[in-house]
């Protein structure tokens, strides 16, 4: 069984049911399957090799969904590419994955122009073939089915890297199957339920596509809604399940009045990818009802290694927890010698089971460092309570989670030191009420450069998500007697500066 076969089974069970809607357009399961078949057949004509990589760089839309499913139906490997990433980063990821075909939009088309890949336009032609033309060319044909093993790769998703080179997580068919079954089980997904895809489909929201379709639900696709619009959508569109980053939920509560709205259908308002304070959880529960839930996972073990349902999250003592291990996944806490620790003791969170990746694309060394004796070493620190609830305590790695996105300091440092006036730098995360963590940078200069210039320099290369929110100027970065950078001293100084500014 593969994810696309689960979709085909749903098509046979509910051909005339509504599979997806967006902007006033709707597609039944049968109509969606017809569009997918035509595009998939054309993909196989362009590149007949099973398991070749196809990049998908587009904002949320029905066409995005069709392209997504067609990649699966053609036996290809999905490579999600978020359009808001930097000009240099997007083609680097596509090239590193060796994508032979790339779906792209008008605003990102030029970024891929220098690659040896066939470009397909999602939207207007831009001088290349369009999704609509692929669909028309393949109309009436079915793609050839390829029986690939469950260990074969279904997706390569990038998490960033510490040296400026992207790190592609190979997610196998078995991980996708496990995610689908676990989501359906955890959230009680059922026929007719409506799932809102408002966060980027290339990220966490994408993990809810196949569970919704496999269980006979409807995908309601929205693109870059403002918080007040999101709140109205949850109420007016009878949404049962939605995944959103904490920052967006908090902004919805703060900026959008909910006094006159009710949410009788909303059962699962799920946050993940960053912590959410107990007070913010309580505010969300007051605004939307007893529907707030959370999950914990990584791209390496996608989305739902643990979860905490809405009922449990009503308990004040569990609001800092990410829940218990899920149906088909083992989660443990280990010491530095690889020994499992009892409840109450802090160690590294490790994950085992079919949800776990097979490794990093073309990075056997990094794979061996992360997958040890069948356990995925997450780099996160945590502890269990006696009932098996996991509480995260921090990260042993330096990854910054800002607004639901992972930012690796090395990526940003690599760009900053490329500026002609920067002699040295360090990038770190600072707790932030809005973003969860905000990206900050400390720099040593050997010339004249202002904060705005340096931030713009990073934005041009990596996009706004990874650009520092603040730059701290140092004559000399703090180091110990051995010359090792004292990163915590930088974090403490930035937090103290922010506190002083707040008091002022």
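So which strands (runs of 3 or more DSSP E) stay within region 212-319 end to end and still have 3 or more residues that are buried (at least 23 other Cβ atoms within 10 Å of the Cβ) and modelled with pLDDT under 95? Talk me through it step by step, then tell me what you get.
Details: elements: 218-221, 241-243, 268-271, 292-298, 301-308.
The strands (runs of 3 or more DSSP E) meeting that bar number zero.
Restricting attention to region 101-122, does a residue exist that is part of a helix (DSSP H, G or I) and within 21 Å of residue 50 (Cβ to Cβ)?
No, every residue in region 101-122 fails to be part of a helix (DSSP H, G or I) and within 21 Å of residue 50 (Cβ to Cβ).
Residue by residue through region 189-201, note down the ones that are assigned to a loop (DSSP other than H, G, I, E, B), modelled with pLDDT of 95 or more and either in contact with a strand residue (DSSP E or B) (Cβ under 6 Å, 6 or more places away or on another chain) or within 24 Å of residue 157 (Cβ to Cβ) (or both).
Matches in region 189-201: 189, 198, 201.
When you scan region 31-55, how many residues do you find that are touching a helix residue (DSSP H, G or I) at 6+ places or on another chain (Cβ under 6 Å), over 23 Å from residue 94 (Cα atoms) and without any contact (Cβ under 8 Å) to a residue 40 or more places away in the chain?
1
Looking at 352, 324, 267, which is the one that is more than 30 Å from residue 169 (Cα to Cα) and either assigned by TED's automatic domain parsing to the domain that holds residue 380 or in contact (Cβ under 8 Å) with a residue 40 or more places away in the chain (or both)?
The match here is 267.
Would you mind stating whether residue 458 is touching a helix residue (DSSP H, G or I) at 6+ places or on another chain (Cβ under 7 Å) and at pLDDT below 90?
It is false that residue 458 is touching a helix residue (DSSP H, G or I) at 6+ places or on another chain (Cβ under 7 Å) and at pLDDT below 90.
Residues in region 175-188: is at least one part of a loop (DSSP other than H, G, I, E, B) and touching a helix residue (DSSP H, G or I) at 6+ places or on another chain (Cβ under 7 Å)?
no
For residue 429, all conditions in the list (1) in contact (Cβ under 8 Å) with a residue 60 or more places away in the chain; (2) assigned to a helix (DSSP H, G or I) hold save one; what is the number of the exception?
The one condition residue 429 does not meet is (2).
The values are calculated or read from the model by the stated rules, or taken from the named source; none is laboratory data. Treat the numbers as computed from the prediction; the structure is a model and nothing was measured. Cβ coordinates were reconstructed from backbone atoms using ideal geometry, including for glycine residues, and neighbour counts include every protein chain displayed.
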